Amino acid sequence: MGTALHPVTRDGRLLQAVVLGVVGLGLIAPIGLGLLQTGRAAFGILYALGHTELTLDPWRDLAALPGFATSLRLTLGTGLGSTLLSLLLATGFCAAVHARMSPMAGARLLTPFLAIPHAAMAVGLAFVLAPSGWIARALAPLAGWERPPDLATVNDGWGLALLVGLMVKEVPFLLLVILSALSQIPVARHMAAGRALGYGRGIVWVKIIMPQVWPMIRLPVWVVLAYALSVVDMAIILGPSNPPTLALAVTRWFTDPDPAMILPASAGAVLQAVLVVLGVGLLLGLEAAGKRVGLWWLRRGGRGLSAEPGLWAASAAVMALMAAGTLAMASLLVWSLAWRWSFPQIMPESLSLKPWAGAMQGWTRALSNTLILAGATVGLSLVLAIALLEGEDRARRGRAAWAESLIYLPLLIPQIGFLYGLNVVFLRAGISSGMAAVIWAQTLFVFPYVMIALSGPWRSMDPRMVNAAAALGAGPWRRLMAVKLPILLRPILTAAAIGAAVSVAQYLPTLFMGAGRIATLTTEAVTLSSGSDRRVTGVYASLQAALPLAAYLAAFAIPAIAHRNRRALMGTETA
Amino acid sequence: MSLDLEALCIRSATDGALFAPLTLHVPAGGVVTVMGPSGVGKSTLLDGIGGHLAHGFRLSGRVMLNGRDVTHLPAEARRIGLMFQDPLLFPHLSLGDNLAFGLPPALRGQAIRRATVEEALGQSGLSGLHDRDPATLSGGQRARAALMRSLLAAPEALLLDEPFSKLDAGLRDEVRRFAFAHVKSRVIPTLMVTHDPEDAAATGGEVVELKGYGPNQT
């Protein structure tokens, strides 16, 4: 029997193959090539410097670099610590308040925390936590301080400020992920069933709800861990500076005036990637152990333990983190407008637009670069994502598992692990550092987020709606333009806003691929943060925080206006 | 004009053939009802005839519409209308624009297209509701609008997939009378699947029992 395909199905398969090819060759292959290039340098091969022999010397040099062991310890402490603590707190918070909070209100509350780039949040937190920051100012009358206390509250040697900074960004993300996983489980009924069997709320949560949630949040937790282990911009602003975390140390070695440092730097970059793999392995090990212990505990049927105090402690910690984050965001704007602001005063004594006016030339250039990059990367990512999803529809088949995991690969590999190598590959291919190279490199990270955000809503659209359009004589192109895209306007704009937030926040790809010549709000804010003028830093960081927020607002407002008379498309927002 | 199924059979990749090969003649203006236990693949049969089969299903046999073999045409080229249990009006378009969506492009001129839509609205008791949000209509209004939208596309055959099953008992009778009156006035072949014997009785046409295979038989 012939399996003649409809022409549309055939076109769809072609489209699907072409887009997967573009994604594979354009987005995934560069990462592989970059890793390969970095990996070769890590084992001594760097033709540009005349090194052609395979050797372990870079690793010996790496281990001998001053502060290496401390850097490693700091990375593990802040990376693993912030991820595990954030997971614990977010879980406890959800257990305590889930029944009392509507998912929509929750998502709206979390939006600013998710939208603001890591660097802007870090700058704000530095303002709040610093010895001359809001917390010290609030305590000053009680402690009798007349000048800022001599305490290392930011850039502390333990990395505590970095740990807090990471958690302020990670906890809201994990809350969003857990809440959206919970919306797929009949939580209330399972809770009632468990409590009727004599288990307390916290215990039902641990024994019944979380085991169902974990498979749905496993991948996002890995992404959080990979990010926390290899973050650079936040480590510059909040972390210890000498020695710094491994990722920051590696970045410094790569940009060292001595080109020979590239060899141990490459070894460090490979080590960074290995750390992420080991970290994910550790999570998998904990999961397996948790399963065994959990089942043993579950089968014993114990009901005595009350987890209630733990839940409330977790909730209080989450509230404290959110409060710190809110203060941090507010402090950006206040500092950018401050003129006279002597120490124990809570608010500035005089406000002025002078910091904005004075740095006008700088920030308008950074702003326009940032807008161009965000526009180009989001546009490119949306076109690719829609083409891929539409190709799947027309081919009438989903994404193969390997394709699915390839798309998410860039989120799990530390940027520092392949960016240097990618730069070399680009240069060798004749692509000079500059705007186009930065757009390309940023799209590697924007596309996966746009794809994640759009896939769910796209697939949950009722296929019969599209069949109905076909039965009315609408061809594939008209079905896409007149039915699918308008109905999916809200998720498409939400995906665009998420993509814009990711693009605005990119630091390392901009730095490496732009060869330091493309100034964006993020690169400027990070550079300025080590300087002394908080006002100008506040200007850049405020803008940096405002852009993604504006994108989210637009993603909320445009469908609300366009669909104001369409009840079925309003208020169906699901996170 | 007629719709003919010739030894039509649909196989799922996992469960093999869904039902025994079906040969069926639906005359113009006639309504043939296909009944069968739930899960036998009644909706899949309509998907196959209309060209909407999802991935994982394969169709053998032929679908003939007015003597032309449409088996390998894409859905939009078959000119076979489809009505579901749910009206599936496009949520982003007004009621009037939903009807206009189905109007053939050959009908040119804004004024005449608008007039045709208004006339159809009038025929379905929806006069003056051109700009309404479909989500604000009653269930009966939506069902009538969905049928009208299908008919405005000037289909050469119509498939009904349990079209009345989600309506209240009182409303069901009224919408059913409305639907069959309009279908018969267009003199097109209509195939309906249902599990409601009253639907079948209301058509006054032939009733075919769809015999299922057990799963895992080929």
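Any read-out appearing in this document is the output of simple, stated calculations on the displayed coordinates, not a laboratory observation. Bear in mind the structure is a predicted one, so any value in this text is a computation, not a measurement. Please note: Cβ atoms are built from the backbone with ideal geometry, for glycine as well, and neighbour counts cover all protein chains shown.
Each residue of the stretch A:251-260 is assigned a 3J(HN,Hα), and the resulting list reads 4, 5, 5, 4, 9, 5, x, 7, x, 5 Hz, derived from the Karplus form 6.51 cos²θ - 1.76 cosθ + 1.60 (θ = phi - 60°), x at Gly and Pro. DSSP beta bridges confined to the protein assembly as shown are antiparallel in about 55 percent of cases. For the stretch A:50-67, putting each phi into the Karplus relation 6.51 cos²θ - 1.76 cosθ + 1.60 with θ = phi - 60° gives couplings of x, 8, 10, 10, 5, 8, 9, 3, x, 5, 4, 4, 4, 5, 8, 5, x, x Hz, in residue order, rounded to whole numbers and with x for Gly and Pro.
Of the residues A:Thr111, A:Thr55, A:Leu129, the one whose Cα sits farthest toward the positive end of the charge dipole of chain A, with +1 on the Cβ of Lys and Arg and -1 on the Cβ of Asp and Glu, is A:Thr111. Ranking A:Pro186, A:Val223, B:Val34 by how far each Cα lies toward the positive end of the dipole of the protein assembly as shown (charges on Cβ) leaves B:Val34 at the top. Calculated FRET efficiency, A:Ile558 to B:Ala135, Cβ-Cβ distance, R0 = 25 Å: about 0.80 to the nearest 0.05. Taking amide H as placed 1.01 Å from N in the peptide plane, B:Gly212 has no amide H partner under 5 Å among residues 5 or more places away or on another chain.
Calculated on the alpha-carbon coordinates, the convex hull of the stretch A:105-226 measures out at 165 cubic angstrom per residue. In plain terms, the residue of A:Ile492, B:Ile112 with the fewest other Cβ atoms within 10 Å comes first and the most crowded comes last, giving B:Ile112, A:Ile492.
Dividing the summed helix terms, -39500 (n - 2.57) for each DSSP H run of n ≥ 4, by the number of residues in chain A produces a 222 nm estimate of -23500 deg cm²/dmol to the nearest 500.
Neighbour counts of other Cβ atoms within 10 Å put A:Ile208, A:Ile416 in the fewest-to-most order A:Ile208, A:Ile416. Taking every DSSP bridge with both residues inside chain B, close to 50 percent are antiparallel. If a/c stays under 1.5 just call it rounded; otherwise compare a/b with b/c (prolate if a/b is bigger, oblate if not). Do that for the stretch B:21-78, with a ≥ b ≥ c from the square roots of the Cα gyration tensor eigenvalues. In terms of gyration-tensor shape, oblate. The helix-only estimate of mean residue ellipticity at 222 nm for chain B, built from DSSP H runs of length n ≥ 4 each weighted as -39500 (n - 2.57), is -10000 deg cm²/dmol after division by the residue total. Compare the Cα positions of A:Leu569, A:Gly434, A:Leu15 along the charge dipole of the protein assembly as shown (+1 at Cβ of Lys, Arg; -1 at Cβ of Asp, Glu; about the Cα centre) and return the one farthest towards the positive end. Of the options given, the answer is A:Leu569. Calculated on the alpha-carbon coordinates, the convex hull of chain B measures out at 121 cubic angstrom per residue. Shape summary: the stretch B:53-103 maps onto an equivalent ellipsoid whose semi-axes, from the alpha-carbon gyration tensor, are 27, 15, 9 Å in decreasing order.
Gyration tensor over the Cα atoms of the stretch A:425-575: the corresponding equivalent ellipsoid has semi-axes (square roots of 5 times the eigenvalues, largest first) of 38, 21, 10 Å. Amide hydrogen proximity for B:Val207: with H placed 1.01 Å from N in the peptide plane, the residues at 5 or more positions away or on another chain lying under 5 Å are B:Thr33.
Restricted to Cα atoms, the stretch A:240-316 shows a radius of gyration and a Dmax of 21.5, 63 angstrom. About its Cα centre, the protein assembly as shown has a charge dipole of approximately 600 debye under the convention of +1 per Lys or Arg Cβ and -1 per Asp or Glu Cβ, with nothing else charged.
Over all orientations, the stretch A:163-262 has a Cα convex hull whose mean projected area works out to 8.4 square nanometres.
Here the dipole of the stretch A:69-352 is about 1380 debye; that uses its Cα centre as origin and unit charges on the Cβ of Lys and Arg (positive) and Asp and Glu (negative). In this structure, A:Leu371 and A:Leu14 have a Cβ-Cβ separation that, at R0 = 30 Å, corresponds to a calculated FRET efficiency of about 0.30.
In plain terms, if you count all Cα to Cα distances in the stretch A:69-352 and split them into 5 Å steps from zero, the share in each step is 1, 5, 11, 13, 15, 14, 13, 10, 8, 6, 3, 1, 0, 0 percent.
Taken along the Cα-to-beta-carbon direction at a fixed 7 Å, the label points for A:Arg397 and A:Met360 span 6.0 nm. Rg and Dmax, both from the Cα atoms of the protein assembly as shown and both in Å, are 31.3, 97. Normalised radius of gyration (Cα atoms, divided by 2.2 N^0.38 Å) for the stretch A:324-466: 1.52. Each residue of the stretch B:166-177 is assigned a 3J(HN,Hα), and the resulting list reads 9, 8, 4, 4, x, 6, 4, 4, 4, 5, 4, 4 Hz, derived from the Karplus form 6.51 cos²θ - 1.76 cosθ + 1.60 (θ = phi - 60°), x at Gly and Pro. Taking Cα centre as origin and charging only the Cβ of basic (Lys, Arg, +1) and acidic (Asp, Glu, -1) residues, the dipole magnitude of the stretch B:82-218 rounds to 420 debye.
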